[in-house]
Amino acid sequence: MVASQSDTHPTHRTELDKLLTVVMPLVELYRDLSRLLEQERVALEQRKPELMEHLAIQIGRILEEIQASDQLRQKITRQLGARFGLAGDRLNLMSLDQAMGGNTGLLPLREKLKSEIEKADQTNRHNQAVFKGVLAATESMLRAMKESTQGPVASYNRKGARHASGSRFHFISKQL
């Protein structure tokens, strides 16, 4: 038998209210994470290491809060799901809403949470790509510096032509 919200057992209603009070701040935490990741993206593009370090600390704190909130969400979800015989892959906010007769407020909250998680994930992936690019450029520079200490190295003259240089530590010809 599926219960509607109006005839939901008081214990179920209390647990549902607990779940709602955990998921709502979780949505805000992911929204905050997205904002910080966006700021990190800008700091990466502008090559501002001090700001990136500051943002990394803030992102770490938010991630810790998300982890703690999500663990609580999972615990309450499991408890409430057990009352309706839901477990494993069948247990999620959508199945809980359906088991409680719908209109619990879980579905719109679930969609908001999914949306914020996707935004944060997308921005994080972009930041990783930018960071990998910066890292590759840095490694290329370090490799060029290392090679320049090991003998002749290609350099560029004032017209932009490459030529081998017998000198070391010169990436650009002295003719400039």
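Every number in this text was worked out from the coordinates using simple rules, so none of it is lab data. Fair warning: this is a prediction, and the values are worked out from it, not measured in the lab. No Cβ is skipped: glycine too gets one built from the backbone with ideal geometry, and neighbour counts run over all protein chains shown.
Remarks
- Gain upon complete extension [residue 11, residue 89; 0.36 nm per residue less C-alpha separation]: 25.7 nm
- Förster radius 35 Å - calculated FRET efficiency between residue 144 and residue 61 (Cβ-Cβ, nearest 0.05): 0.35
- If the segment from residue 107 to residue 54 were pulled out straight at 0.36 nm per residue, it would be longer than the present Cα-Cα gap by 15.5 nm.
- Label point distance in nm, residue 121-residue 98, each placed 7 Å from Cα along Cα→Cβ: 2.1 nm
- Annotation for residue 79 and residue 131: the two label points, set 7 Å from Cα along the Cα-Cβ direction, are 3.6 nm apart.
- Normalised by 2.2 N^0.38 Å, where N counts its residues, the alpha-carbon radius of gyration of the range 14-120 equals 1.28.
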